[in-house]
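Written out below as structure tokens is the structure these notes cover.
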């Protein structure tokens, strides 16, 4: 894992922070699924898979009221180069470290159980446990 520069990442100490009670209430909520939302998301994903950029443009018009064409979805290389040149080196280093850490985390997720300790003593991982039977309602 690539260490992140701590100066770039604010760290909150739970539960001693003033927002501990609201955070605890939020974490205690049970996630609820909304069939209508799930159906809408499935329809959007299906449309984008089928129609690609044209669907993205139509959905942007529908949800955001902004008319764009597929050519506008790609950021020109000159704009990317200009943004890169103007980026603070420390921020870029932190972003690259975050990217490397996220990639390393998700690569390990693929097939096997795994555990890793980062440089700050934080244990990360995933445990795969096969089950003999499954019941569906």
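Just a few scattered comments:
- Filtered residues of the range 97-123 (kept if at pLDDT below 85 and part of a helix (DSSP H, G or I)): 106, 107, 108, 109
- Residues of the range 25-47 classified as under 20 Å from the mean Cα position of the chain (by Cα), in a helix (DSSP H, G or I) and farther than 21 Å from residue 62 by Cβ, total: 2
- Checked against (1) modelled with pLDDT of 85 or more; (2) out of contact with any helix residue (DSSP H, G or I) (no Cβ under 7 Å at 6 or more places or on another chain); (3) part of a helix (DSSP H, G or I), residue 94 passes all but a single condition, namely (2).
- Candidate set from the range 56-74 (those that are more than 22 Å from the chain's Cα centre (by Cα) and part of a helix (DSSP H, G or I)); member that is surrounded by the most Cβ atoms within 10 Å (Cβ to Cβ): 57
- Set 80, 91: member being more than 29 Å from residue 48 (Cα to Cα) and surrounded by 10 or more Cβ atoms within 10 Å (Cβ to Cβ): 91
The values are calculated or read from the model by the stated rules, or taken from the named source; none is laboratory data. As the structure is a prediction and not an experimental result, all values here were calculated from the model. Please note: Cβ atoms are built from the backbone with ideal geometry, for glycine as well, and neighbour counts cover all protein chains shown.
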